[in-house]
Amino acid sequence: MIHSVFLISNAGDLFLEKHWKSVISRSICDYFFEAREKAVEPDNVPPVIRTPHHYLINIYREKIFFVSVIQTEVPPLFVIEFLHRVAETFQDYFGECSETTIKDNVVIVYELLEEMLDNGFPLATESNILKELIRPPTILRSMVNTITGSSNVGETLPTGQLSTIPWRRAGVKYTNNEAYFDVVEEIDAILDKSGTTVFAEIQGVIDACVKLSGMPDLTLSFMNPRLLDDVSFHPCVRYKRWESERVISFIPPDGNFQLMSYHISAQNLVAIPVYVKQNISFFETGSSGRLDITVGPKQTMGKTLECLVVTVHMPKVVLSANLSATQGTYNYDPVTKILVWDIGKLNPQKLPNLKGSLSLQSGAPKPEENPSLNIDLKIQQLAISGLKVNRLDVYGEKYKPFKGVKYVSKAGKFQVRT
Amino acid sequence: MLGMSANSVSYNEQGSVESGVDAAQENSSIPASISSGGAASSLFSADYKKNEDLKEMLESNKESLKLEAMKRIVGLIAKGKNASELFPAVVKNVASKNIELKKLVYVYLVRYAEEQQDLALLSISTFQRALKDPNQLIRASALRVLSSIRVPIIVPIMMLAIKEAATDLSPYVRKTAAHAIQKLFSLDPDQKEHLIEVIEKLLKDKSTLVAGSVVMAFEEVCPDRIDLIHKNYRKLCNLLVDVEEWGQVVIIHMLTRYARTQFVSPWREDAVFDENSEKAFYDSEEERRVDQSKPYIMDPDHRLLLRNTKPLLQSRNTAVVMAVSQLYWHLSPKHELSIITKSLVRLLRSHREVQYIVLQNIATMSIQRKGMFEPFMKSFYVRSTDATHIKTLKLEILTNLANEANISTILREFQTYVKSQDKAFAAATIQAIGCCATNISEVTDTCLNGLVLLLSNRDETVVAESVVVIKKLLQTQPSQHSDIIKHMAKLFDNITVPMARASILWLMGEYCEHVPKIAPDVLRKMAKTFTDEEDIVKLQIVNLAAKLYLTNSKQTKLLTQYILNLGKYDQNYDIRDRTRFIRQLIVPNEKSGALSKYARRILMAPKPAPVLQSAFKDRDRFQLGTLSHTLNSQASGYLELSDWPAVAPDQSVRNVEVKEAGAPALSKSKPAKSNEKFYSDSEEEEGEEEEGSNSEDSSSSSSEESVRESESEENSNDSNKSSSSQSEKSSSESDSEKKKKTLKNKKLQQQKPDSKDRKQKNGNAVKVESRSESESGSESSSSESSSESRSELDSDSDSGTDQKKNTKPKPVQSKPVIKQVEKKEVSLLDLDDFSPAPVTTPKSSILSPNLLSDLQGLLISPTASALQASSPVFVPETSHELLHRMTGKGLSAQYRFTRQPCIYGNSMVSLQLTLSNRTDQALENIHISEKSSTGQNIHRFNAIERLEPQASVTVSMGVDFNDSTQTANFQLCTKEDEFSVSIQPAVGELLLPITMSEADFTKEQGKLVGMNESSATITITPENVSSQSVNRKVVSVANLGVIPSGQENIYRFAGKTVSSGSLVLVSVALKDPDAMITINTEKTVMGSMLLRQVKTALTNSGP
């Protein structure tokens, strides 16, 4: 299966290699560099690259390319999913997955990779198990280790590895038992020039932070489970109970995890919280253009819109922007051609407006198409779909945990065509 | 890093090595081998140290120093630097007590052993010792490293170690052994035969931990040995839900391949869909064979696979979802395919790379089955922020999905894309428009006009692409579009993209008769610029010249000759060749001979329009989800998916010995376990946890499985004498008890459907459980307890080695029995979880007399009050096929339930049979044979003496189904032939309607509570809310009488079973938008089946 993995920074620096079978020369990556060059943007690098004797399957994450070398037929998603899992593990261990942190923790990274794959086949990818095998670094521990010479490596086989509940370690103890759930919904939408919805759907996830002692068995129920169109669960969730009773019954992993994700595609259910009035035009003569954007609230269910950001990918010919914003700040990066207008909180009484002129490269023809606007926003304490958690019950343990549910709605891929 | 720098401080203090403070200064004195690392970042400043330092550190006595040295060496390896010269120093530490140090040494060893084979041998004895370590983690890691050292000399040692580890008590070690198999195979393929033996053994393993890894080994070592899978097929299907996600992917892909070799295609036109599969599941072998004479019935094992993979569509792992999707694509009947759509669309929210692969697969699927993805069309709309390859794939899919109904929406969407700043994407959109235009003739003109407008676009690539696409479109209907050709000729001067120029020239030449004035003029211009054109354009100029010469030689003769002369001396040999060829063809001279006579016919032959087709056409020759599919070419190691066999190979190969009816029973109980095991776990004391999946398996499965297990264990437990003797005992026992058990198994099955309903009412369920315990539990307890105790032993020895965990002996006898009951109960629940189609009762489950009486003992006997039989409210007109004319050699038979009381006997269901003769000879003496294969009481119709060709006759007959939905099998005979046929009654047909007052109804209902009541809440579709539609739906499902109701929103129906006359009361209470269906009857089996059917009827929309 997976032969080797190379980590390559965005700048093209190959800074880590790991082989699970016989060593493959790093020159294999030349094929990758070739493709990287051809693609211009890192996003455009094809995920699967064919070389005469090998196949390179790569992902791009956090400005790092994870390039894996494959020799024989394998489901490509298998490899892609695994590489993402590796990146997530790094993030989990080191707080962030970046070139610096990986270089700083190269030994732990190596130990992790060693445990995650055996002969190219995934061995332990469950974060709970890995953390028992290799303890994540903390400042305190590294100090202690230095002095006492003890190690980060666990000495026994994690119990989870053998049990039927591999995601939970045994013997968890907390003085404060708590279980928090975040219902996070993202609105994916495409609005056309006139403001009508071309396409809208809601993607939701329920993130959980469960710190409960022992082996609790939880049941989470919703007020309106029928809203959920399509769901996928963490392996801990009993699918059968969901099918029959529409409740989520599970023995949780310890700590943070994503309990489920869901999808609401019925368009009439998707409230569009914001409207945009825009007028972007480029003049035929004089190498200039005009821009005028106003943002206002639409269906906000009485909540305020926060963290409102409008991003515009300008055509290549736009050299600079001379604008004035009634609220927030704007910034135009002439290299990447991205205009970012950070509005912040939306005040419904006084709608924010961004207005001014754009100067174009002289002599170049005016752009065919107006750039589309990407909107970012956040609404606290609201699940835009109306999904509500009804209750959480704990079985199997005697204590009474603290419980809490938080709702947040965000704009996902929210695009306004102009 | 903090750790490292802190460390360097510590050794500075010890003064054993010089500090690395001034790295640059040292750098100058470093030998070449390391100075290659000179460019390393400051993080690796430690690398600047000489290897000598590292060597010294490794040889010191301080563990912390050694560890530090190893960490730095690993840093070197990670950077891809050569650290091989340290091999001797490192290998000495292989036996270190410090686990982290040891692990790092392992990392080093695996990396360099291949280069330093002799030295690597020094470490082998350490591993051999570690293989015997009591700690399973150490055993496993020793095997991992030993097998990763690619030194051919140790192949025999590896082989031995693998064989031993394959019988290890720890499933984790066995998993490692499965991985080691592949490693050894790649090191020495000659070991194949021995390795296959190990694989065979491990395939029998029932641990979910091992399953994925061993299947992986199977796929790599001996994918063609399908025969090894047979016996494990059902086990793998059932374990699947519990296997870790990576293993699931591998197993699903393997099973897809397997299924394609073992089952017949479910895609046949006349497929009778899987209504019968549930029933077939319980069939004994003989009955199954009878089934084969029918058009198509899915093999129960085939169904098992589909059913057990379905929940995995909800997995968070995209690879698993994709694997299940491809399994459904390749294996499921077409009408079931739609369930994968949503899941695939969900994956589109995932990472860019995932999107890419999923979109590719959707593109392939959408070509063949538009309908699957059409409702999700908008999910494929392109965002300006998508990566280019994602955009083009989405475009591809949108094109595939286009049809008459949605084309306008799609074209509007395309208009937005054409204006995209991403010009490559805009060009792709134009091609897509072209595709839509050819595929959907209604919009051809609209598209063409749109494309012509694009010709005045500012961007050259857009214009060029439009020209190319227009050229293709025009070829389909050139005569109507001469103005477009003229328009393009005008644009010609402004277009510089060679491909577009060439396209216009070709158009001119091809249709020069439509534009007689313009074409010569274009040629004149081209003659001027010929030398500056691209090769592709030059070729077309030559073509144009030749065609004009033939049609209009008067105007163009000279021009043509001039161009041909230019071409003759062109630098490109293609053009020189073409010129020479054309000259010979069109200019008549002595040498050219006969060919030039046909020049016109050759050059001006009508050419078929090009078919604009998707790049994903035919891509499904590769299994979906594979690398080969992504690349559209065969990757090495790709295993071809075979075609369905015309005749299914012997199904019995999958039967696991020692049982008959056992297999289905077991496969039923297993998937339930999978989810329910969490419960049982949490209920047990902590100490029991390490039991792991082993004991789970044995305790949950029925007794004959424990025999299987004991066999596999026998091989493994040489050391563990007590256990092996036990297992022998149990197997011998079970042999002697074989008969009993089959009997018992049958009973178990019968119980299932009943107690499933009871489960909902927990209070009453207790009674039944205790009964079933005494009945089945006692019989199996002997073997049961032995298997249980054995697995206990397993865990004991595991945990015993794990020193920390102490094991406490547990009361062995009592536990398993309780557990057994629990499991059983749970599995009952699953029956209806799994069945999408209305399920019919198991064939073999005639309530055996004593069970029936047992059941009745528990029930409150109904008082037969004034129940008046009434006439049916609704008689369905639909008739069912009894005998198809193909199978009946021209005799076809259909039956229909008349819903009338049967005149032949009170306990019979009345049927109407229509027999038709479709041959051209008369059929004689049509009758039902005397011997009935299933023992129902059948009232036969009088033999029909003679049935004329093309004539049909209707007769009536009666069948006593004994209040069960078991099929009635009998032989329909003519003078020459005998056809076995079967009638499958729907549960609703086993009833007769009665009327009673509302008060009586509630009174009777009050008596039939507890487990006699089954209820369900459903969401009713809006169109079903009216009283009429509820009534209509219920009576169409079941032959029930409508009870006038005083309350709004509550509908009541009553009936009695035909055979025993038991009351069946149905009430539907509407609470918008939900509806609660309650069924009260002492025939709990029928009650639950009826409930399900009513449920489906009310949730389905439509008449």
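A short reminder: the numbers here are calculations on the coordinates, not readings from a lab. Just so we're clear, the structure is a prediction, and the values are computed from it rather than from any experiment. Cβ sites come from the backbone with ideal geometry, for glycine too, and all protein chains shown count toward neighbours.
Tabulated values for the structure
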{"read-out": "Student exercise, segment A:274-380 dipole from Lys, Arg, Asp, Glu Cβ charges, in Debye to nearest 20", "value": "300"}
{"read-out": "Relative contact order (%) - criterion: Cα under 8 Å, at least six apart; region: segment A:274-380", "value": "38"}
{"read-out": "Chain lengthening between B:Gln950 and B:Thr1099 when straightened (0.36 nm per residue, less Cα-Cα)", "value": "49.5 nm"}
{"read-out": "Coarse-grained scattering of segment A:361-418 at q = 0.14, 0.21, 0.22, 0.23 Å⁻¹, given as base-10 log I(q)/I(0) from a Debye sum over alpha-carbon atoms", "value": "-0.67, -0.93, -0.96, -0.99"}
{"read-out": "Segment B:Thr1017-B:Met1076, length gained on full extension (0.36 nm per residue, minus Cα span)", "value": "20.8 nm"}
{"read-out": "Proxy reagent accessibility, fewest Cβ within 10 Å first, across B:Ile1077, B:Ile99", "value": "B:Ile99, B:Ile1077"}
{"read-out": "Tensor-based shape of segment A:2-128 (alpha-carbon gyration tensor, a/c under 1.5 rounded, otherwise prolate or oblate)", "value": "oblate"}
{"read-out": "GNM top mover of A:Val237, A:Val340, A:Val184 - chain A, alpha-carbon springs below 10 Å", "value": "A:Val340"}
{"read-out": "Unsatisfied cross-links (Cα-Cα over 18 Å) in the set A:Lys303/A:Lys350; A:Lys193/B:Lys419; B:Lys486/B:Lys607; B:Lys547/B:Lys597; B:Lys55/B:Lys81; A:Lys131/B:Lys92", "value": "B:Lys486/B:Lys607; A:Lys131/B:Lys92"}
{"read-out": "Coordinate range along principal axes, alpha carbons of segment A:274-380, Å, largest first", "value": "49, 22, 21"}
{"read-out": "Debye-sum result for segment B:334-487 in log10 I(q)/I(0), which assumes one identical scatterer on each alpha carbon, at q = 0.12 Å⁻¹", "value": "-0.52"}
{"read-out": "Charge dipole magnitude, Cβ of K and R +1, D and E -1 - chain A, Cα centre, debye nearest 20", "value": "1240"}
{"read-out": "Net lengthening on full extension, B:Thr476/B:Thr385 (0.36 nm per residue, minus Cα-Cα)", "value": "29.1 nm"}
{"read-out": "Percentage relative contact order, segment A:2-128, counting C-alpha pairs under 8 Å, at least six apart", "value": "25"}
{"read-out": "Counted charge near A:His263, where neighbours are those whose Cβ lies closer than 14 Å (Asp, Glu -1; Lys, Arg +1)", "value": "+1"}
{"read-out": "Cut-off 14 Å between beta-carbons: net charge of the residues surrounding A:Pro52, Lys and Arg +1, Asp and Glu -1", "value": "-1"}
{"read-out": "Inter-label distance for B:Asn925 and B:Glu52, nm, one decimal - labels placed 7 Å from Cα along Cα-to-Cβ", "value": "11.0"}
{"read-out": "For segment B:491-581, Kirkwood radius (reciprocal of mean inverse C-alpha pair distance, Å)", "value": "12.8"}
{"read-out": "Model label zone, A:Leu351; criterion: amide N under 17 Å from point 7 Å along Cα-to-beta-carbon; scope segment A:313-332", "value": "A:325-328"}
{"read-out": "Net charge contributed by nearby residues that have their C-beta within less than 10 Å of A:Val317 (K/R +1, D/E -1)", "value": "+3"}
{"read-out": "Partner chain coverage, peptide A:308-315 - average Cβ within 10 angstrom", "value": "1"}
{"read-out": "Karplus (6.51, -1.76, 1.60) ³J(HN,Hα), θ = phi - 60°, over segment A:408-418, in Hz, Gly and Pro reported as x", "value": "9, 10, 9, 8, x, 8, 10, 10, 10, 7, 10"}
{"read-out": "Amide H contacts of A:Asp230 (H built 1.01 Å from N, under 5 Å, at least 5 apart or other chain)", "value": "A:His263"}
{"read-out": "Mean separation of Cα contacts under 8 Å, 6 or more apart, over the residue count of chain A: relative contact order %", "value": "15"}
{"read-out": "Enclosed volume per residue, in Å³, of the convex hull spanned by Cα atoms of chain A", "value": "192"}
{"read-out": "Efficiency of FRET from Cβ geometry, A:Thr329 and B:Met499, R₀ 41 Å, rounded to 0.05", "value": "0.30"}
{"read-out": "Other-chain or far-sequence residues with amide H under 5 Å of A:Ile272's (modelled H)", "value": "A:Gln299"}
{"read-out": "Cα radius of gyration and Dmax for segment B:43-145 (Å)", "value": "13.4, 41"}
{"read-out": "B:Lys568 paired with B:Glu374, simple spin-label distance in nm, labels 7 Å along Cα-to-beta-carbon", "value": "6.1"}
{"read-out": "B:His194/A:Asp376 FRET efficiency (R0 51 Å; Cβ-Cβ; nearest 0.05)", "value": "0.25"}
{"read-out": "B:Asn61-A:Thr175 FRET efficiency (beta carbon distance; Förster radius 51 Å; 0.05 resolution)", "value": "0.75"}
{"read-out": "Projected label distance in nm at A:Glu34 and B:Leu121, using a 7 Å step from Cα toward the beta-carbon", "value": "4.2"}
